[in-house]
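All of the numbers you see were taken from the coordinates with simple rules; none came from a lab. Just so it is clear, the structure is predicted and the values come from calculations on it, not from any experiment. Here the Cβ is made from the backbone with ideal geometry for all residues, glycine too, and neighbour counts use every protein chain on show.
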Amino acid sequence: MFGSIKIAIVLIMLAGAGGGFVYVKNIKADLATSEANNAKLLDSVSEQQSVIEQQKKDFSNIMEANKRLQETTVTLAKEMAALDDKFNKTNSSGKKRDIGDLAIARTKTIEKIINRASANAQRCVEISMGAELTEKEINATKKSQINSECPSIANPNYIPY
């Protein structure tokens with residue numbers, strides 16, 4: 001009887017040792033899996049950090065572009081008001097300028113003015129669509145040399161006096 005108890009105890013101990021061995025083997029496998037997952041998570045975190053940095057750069061670029069757009073809008077509004085003043089001047093008697101009456105009275109003069117203004121306006125559109133400035137436009141500093149329709153974009157070195 002004692003012999004069978006000894007055998008049973010030895011079998012239980014061997015089963016416990018075998019179970020412990022299998023348990024440790026599974027824990028090692030789980031640890032290896034966890035380490036691999038942790039490495040992937042660290043890679044993901046670094047990728048996310050780079051994405052966040054890029055988004056910050058993009059956001060600052062967008063804000064800078066928005067600021068330039070606002071400045072351009074203000075400049076264009078001023079130029080529009082100046083153009084509006086050109087066409088809606090009132091003379092000393094309080095009468096508003098009528099471009100039609102002027103065109104009838106001074107046909108050749110008004111034709112030259114309108115043709116020059118149309119050419120200037122067309123050049124403004126070309127520049128705003130990405131055309132390069134000419135040397136003449138860049139070097140214009142006098143009022144007689146500038147494109148009077150859009151001096152802020154056509155003549156960057158011109159300072160109004």
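Below, the figures for the structure above:
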read-out	value
Total residues in the range 112-138, condition of a type in the set (A, V, I, L, M, F, W, C), farther than 16 Å from Leu76 by Cα and free of Cβ contacts under 8 Å to residues at least 24 places away in the same chain	6
Residue under evaluation Ala140, criteria (1) farther than 19 Å from Pro160 by Cα; (2) small (Gly, Ala, Ser); (3) over 28 Å from the mean Cα position of the chain (by Cα); (4) surrounded by 12 or more Cβ atoms within 10 Å (Cβ to Cβ), criterion not met	(1)
Verdict on Ala105 being of a type in the set (Gly, Ala, Ser) and in contact (Cβ under 8 Å) with a residue 24 or more places away in the chain	no
Test: residue in the range 104-114 that is among the polar types (S, T, N, Q) and closer than 23 Å to Pro160 by Cα	no
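Residue-by-condition table, conditions (1) more than 21 Å from Leu69 (Cβ to Cβ); (2) surrounded by 13 or more Cβ atoms within 10 Å (Cβ to Cβ); (3) touching a helix residue (DSSP H, G or I) at 6+ places or on another chain (Cβ under 7 Å):
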position: Thr109; (1), (2), (3): yes, no, no
position: Val125; (1), (2), (3): no, no, no
position: Lys136; (1), (2), (3): yes, no, no
position: Ser144; (1), (2), (3): yes, no, no
position: Cys150; (1), (2), (3): no, yes, yes
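Every residue, every condition in (1) in contact with a helix residue (DSSP H, G or I) (Cβ under 7 Å, 6 or more places away or on another chain); (2) loosely packed, with under 10 Cβ neighbours inside 10 Å; (3) among the hydroxyl-bearing types (Ser, Thr, Tyr), yes or no:
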{"residue": "Lys6", "(1), (2), (3)": "no, no, no"}
{"residue": "Ala15", "(1), (2), (3)": "no, no, no"}
{"residue": "Gly20", "(1), (2), (3)": "no, no, no"}
{"residue": "Thr33", "(1), (2), (3)": "no, no, yes"}
{"residue": "Asn61", "(1), (2), (3)": "no, no, no"}
{"residue": "Thr75", "(1), (2), (3)": "yes, no, yes"}
{"residue": "Glu79", "(1), (2), (3)": "yes, no, no"}
{"residue": "Leu83", "(1), (2), (3)": "no, no, no"}
